[in-house]
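Below you'll find the structure, written out as structure tokens, and then a few comments.
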Amino acid sequence: MKNLYSLVFGLIFSICSISTNLIAQNNLDFVSSLNINQMHNTELNDIWGYADGVGNEYALVGTRDGTSIVNVTVPQSPTEVFFGPGMNSVWRDIKTWNNYAYVTTEAQQGLYIIDLTNLPNNNLATTLYTGPIGNSWFSAHNLYIDDNGFAYIFGANRDNGGVIILDLNTDPMNPTEVGTFDNWYVHDGYVLGNKLFSAHIGEGFFSVVDITDKSSPVLLGTKNTPNDFSHNIWARADAQVVFTTDEVSGAFIASYDVSDPSNIFELDRVQSSPGAGVIPHNTHVLGNFLITSYYSDGVTLHDATYPYNLIEIGSYDTYPFQTTSYDGSWGAYPFLPSGLVLASDITEGLFVLNPTYQQAAYLEGTITDAVTVIPLQNVTVTLSGQTLTEQSNSSGFYASGLATAQAANVTYSKGGYYPQTVNVNLINGVVTTQNIVLVPIPPFNLNLHVQDMLGSPINNAQIKLVHPLITHTGSTNALGDETFSLYYQDNYYVEIGKWGFFTSCQNMNIDQTTNTITITLQDGIFDDFEFDFGWTTTTTASSGAWERAIPFNGNTASPLEDVMFDCGNYAFVTGNSPTLNADLDDVDGGFTQITSPIFDLTTYTTPYVNFSYWLYNNYGPLPPADDTLIFTLNNGITTAEILKVGSLGDTAFWQQASIEVSAFITPTANMTLTVYISDFDPAVNITEAGFDYFFIGENLSLGINKEISVAKSIYPNPTNSTLNISGFGKDVAYQIYNTEGKLMLLGKVENQESINVEILQKGFYLIKIEGEVFRFLKD
């Protein structure tokens, strides 16, 4: 299996303000720290704890270059007492059983076993275990050890990298393999009683497995996690509820009811610093609380007394910046007898923290419609001073709360209803019930009529009326009409489209006197993918299939957004996983292609196919160019390749192409365009592609300067009112065309004055000056 982190490209590194809370923070106080990084010129990774039989406590700290054991019996004065060097690796994970520590690493070293009996002395016996003869393994990502002396090795370099079960009882320094569960790669896991809970990071789900017979585990159920990147899992003491993290920017800690493994369902999800894109790493359960290493947010505490209502009650920021990358706290261990929390920060060292496990102040209730008394779903519940909001479920139920008792203003809002704000008195450890009845806003009707250039009605035109609080969608009937019931007399963004016409989009102020709006669509072959016009997808690749989506960029390999000059936010992209790891959802192991609906080019004189494209191809071999973006046209008889972009370098930005059709193939009434991208084994690379703003134009859509002379320019671009020109003569003529080659404006510019373009609707235009053609956006 490919290492999930060996190729991390384009991490979005947005440094925010330096933390001012490095001494004490809410319910999690600083006790001491030790800069192991400087001591061994290395970075830290995971952490575990150990307590001997006479009251001494230790931090077992993984580093890139070995394992450090720190005596924290006097927590104000942590002292390293042992360092076991090892092969260099980003990952080391540690667990203990009786008087032994077991350390996994993704270096080819095997399982490192330390006899802790002689602590606090530093003469500790160690050994390496690499599996049974004839079935060995030398690296593993993580492990867990249950109370009965069975170790569960996760992500070893054997078979699928599933779970290898070892019996430690007979000889702790030389375990015995007793079983495996190898359906999928396992990144992390937890065992309680006869249940094995495993996080399958590549597949995006966790599994529940019966291990009563460890030689023959039985799968009981699976469940996808919120961001489909299941990194870590831990269970409550009764094994009825589990908690997970997804290790991607802006992901969640989530809770699930697993009482029936064949019907697992999510209970709640929560973020630290919502909207900042911080990555959660590992969460652990102590009683009714979650202790989570949360990368650049440090360590967080959440109250999980009610798993359907996770509330952050404390935090300590070990890292001086806030980023969306793998920076800050890697691990947090909360199980020492003293109650101290041990935290490892990748670059800042070991932290000893003192937690206060205080129950939150809870708020919950049911929200209904004042007229119908029907429960209302997706009502947004916002507490004053909080950035995190909650949503009511299908039963109208909501649950929220605060870390500390206070009188709080709570606002309830939903599109089509008057918002309501109430004041509630919240008390720590107490569930306050606040039921709400929302009053609907009286609607008014708007008729939207869509016609073509001849005034004939257009049937089945797709419509979006976008308001900040609600989006209305519909399609026209045979008369070209659609009626909407609107709630807000306000500005709307109106989008209308159908295959065979140019999509229209514009801002309109609509009120109850508007009554009817008529929109005329221009004939033409156009798609900016704001609507689904029926492109088909064919895929053999194991990941990264084309999908029509709003681009979500977690890394610079894939688009951050669609092209800037079209109507909406959609494009076709290969995979759209919200992850910093560029190698997770790129094109792998085959090809993926999209094909347009049929279009007619017989009415065009000199048709050109125009589109925007994106290609990221890192470490592509040359030759062969097997990571290739290929554009082909088919006329119902034959297929012609019109553009091929391959392994000559990355083009990780939107580029425009404009290609004369007849130079490659005879235009007919049965044309289709296909966009093909591939990444074939064994030459596996980071391969991402995008496709947007497709249209057919006449030759006047061409002639766009590839490299605009510094001396000649148009500005500002985009513009909403005037267009300035520079570098031309004192008295020059201009023509402005739309994307289908229709002349929209013409005139003469004297002394390089401005051109007034206010009359133009929002969209993409071409301006021709002295034989040169430039592209600009009217916004």
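Just to be sure I understand, how many residues within the range 1-51 are of a type outside the set (A, V, I, L, M) and at pLDDT 50 or above?
19
What is the number of the single condition among (1) in contact with a Pro (Cβ under 8 Å, 6 or more places away or on another chain); (2) at pLDDT below 95 that SER384 does not meet?
Among (1) in contact with a Pro (Cβ under 8 Å, 6 or more places away or on another chain); (2) at pLDDT below 95, the lone unmet condition for SER384 is (1).
This table checks each residue for (1) open to solvent by less than 10 Å² (accessible area, probe 1.4 Å); (2) modelled with pLDDT under 70.
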| residue | (1), (2) |
| --- | --- |
| SER709 | no, yes |
| THR719 | yes, no |
| THR722 | no, no |
| ILE725 | yes, no |
| GLN735 | no, no |
| ILE755 | yes, no |
| LYS768 | no, no |
| ASP779 | no, no |
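Per-residue answers, yes or no, for (1) outside any loop (DSSP other than H, G, I, E, B); (2) of a type in the set (D, E, K, R); (3) out of contact with any Gly (no Cβ under 8 Å at 6 or more places or on another chain); (4) buried (at least 20 other Cβ atoms within 10 Å of the Cβ):
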{"position": "ILE496", "(1), (2), (3), (4)": "yes, no, yes, yes"}
{"position": "GLN506", "(1), (2), (3), (4)": "yes, no, yes, no"}
{"position": "ASN509", "(1), (2), (3), (4)": "yes, no, yes, no"}
{"position": "PHE531", "(1), (2), (3), (4)": "no, no, no, yes"}
{"position": "THR538", "(1), (2), (3), (4)": "yes, no, yes, no"}
{"position": "GLY568", "(1), (2), (3), (4)": "no, no, yes, no"}
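I'd like the full set of residues that are modelled with pLDDT under 85 and open to solvent by less than 20 Å² (accessible area, probe 1.4 Å), limited to the range 619-644. Can you show your working first?
Initially, the range 619-644 is screened for residues modelled with pLDDT under 85, giving 619-628.
Hits for the range 619-644 are ASP627, THR628.
Looking for whichever is surrounded by fewer than 20 Cβ atoms within 10 Å (Cβ to Cβ) and in a strand (DSSP E or B) here; the options are THR67, THR96, THR104. Which one fits?
Answer to the check: THR96.
Which residue pairs have Cβ atoms under 9 Å apart, sit 6 or more places apart or on different chains, and have a first residue in the range 111-134 that is touching a residue at least 24 places away in the same chain (Cβ under 8 Å) and more than 13 Å from TYR100 (Cα to Cα) and a second that is charged (D, E, K, R) and part of a loop (DSSP other than H, G, I, E, B)?
As it stands, the answer is PRO120/ASP52; GLY131/ARG158, since those pairs meet every condition given.
Looking only at the range 130-176, which residues are among the aliphatic types (A, V, I, L, M), farther than 20 Å from THR117 by Cα and not in a loop (DSSP other than H, G, I, E, B)? Show your work before the answer.
Here is the first cut: in the range 130-176, the residues among the aliphatic types (A, V, I, L, M) are 133, 140, 143, 145, 151, 153, 156, 163-166, 168, 173.
Keeping just the survivors that are farther than 20 Å from THR117 by Cα gives 133, 140, 143, 153, 156, 163-166.
Those that are among the aliphatic types (A, V, I, L, M), farther than 20 Å from THR117 by Cα and not in a loop (DSSP other than H, G, I, E, B): LEU143, ILE153, VAL163, ILE164, ILE165, LEU166.
Looking at this structure, is ASN142 buried (at least 22 other Cβ atoms within 10 Å of the Cβ) and more than 15 Å from ASN174 (Cα to Cα)?
yes
With (1) under 27 Å from GLY250 (Cα atoms); (2) at pLDDT 85 or above; (3) among the small types (Gly, Ala, Ser) as the list, and ALA652 as the residue in question, which single condition is left unmet?
Among (1) under 27 Å from GLY250 (Cα atoms); (2) at pLDDT 85 or above; (3) among the small types (Gly, Ala, Ser), the lone unmet condition for ALA652 is (2).
Out of the residues in the range 221-241 meeting the condition of being in a loop (DSSP other than H, G, I, E, B) and open to solvent by 60 Å² or more (accessible area, probe 1.4 Å), tell me which one is farthest from ILE165 (Cα to Cα).
Among those residues, the one meeting the criterion is ASP228.
Is there any pair linking a residue in the range 383-402 that is under 15 Å from PRO419 (Cα atoms) to one that is basic (Lys, Arg), with Cβ under 9 Å and at least six apart or on different chains, and which?
SER392/LYS414
Can you name every residue in the range 511-529 that is of a type outside the set (D, E, K, R) and in a loop (DSSP other than H, G, I, E, B)?
Once the filter is applied, which keeps residues that are of a type outside the set (D, E, K, R) and in a loop (DSSP other than H, G, I, E, B), the range 511-529 yields GLN512, THR513, THR514, ASN515, LEU521, GLN522, GLY524, ILE525, PHE529.
Quick check on the range 197-220. Is at least one of its residues under 22 Å from ALA399 (Cα atoms), in contact with a Phe, Trp or Tyr (Cβ under 7 Å, 6 or more places away or on another chain) and part of a loop (DSSP other than H, G, I, E, B)? Give the steps one after another, and end with the answer.
Looking only at the range 197-220, we keep the residues that are under 22 Å from ALA399 (Cα atoms), and these are none.
Taking every residue of the range 197-220 in turn, none turns out to be under 22 Å from ALA399 (Cα atoms), in contact with a Phe, Trp or Tyr (Cβ under 7 Å, 6 or more places away or on another chain) and part of a loop (DSSP other than H, G, I, E, B).
Can you tell me which residue in the range 200-220 is least open to solvent (accessible area, probe 1.4 Å), limited to those that are of a type in the set (Ser, Thr, Tyr) and more than 22 Å from the chain's Cα centre (by Cα)?
Among them, the one singled out is SER216.
Just to be sure I understand, how many residues within the range 386-407 are under 32 Å from the mean Cα position of the chain (by Cα) and farther than 29 Å from HIS472 by Cβ?
6
List the strands (runs of 3 or more DSSP E) inside the range 260-321, counting only whole elements, that have at least 1 residues being modelled with pLDDT of 95 or more and among the basic types (Lys, Arg).
Correct list: 265-270.
I'd like the full set of residues that are surrounded by fewer than 19 Cβ atoms within 10 Å (Cβ to Cβ), under 21 Å from the mean Cα position of the chain (by Cα) and of a type in the set (Gly, Ala, Ser), limited to the range 274-287.
Passing the criteria: GLY275, ALA276.
The values are calculated or read from the model by the stated rules, or taken from the named source; none is laboratory data. Since this is a predicted model, take the numbers as computed values, not measurements. Here the Cβ is made from the backbone with ideal geometry for all residues, glycine too, and neighbour counts use every protein chain on show. Ligands, DNA and RNA are stripped out before the accessible areas are found, and what is left, the full protein with its side chains, is counted by its heavy atoms. Shrake-Rupley method; radii C 1.70, N 1.55, O 1.52, S 1.80 Å.
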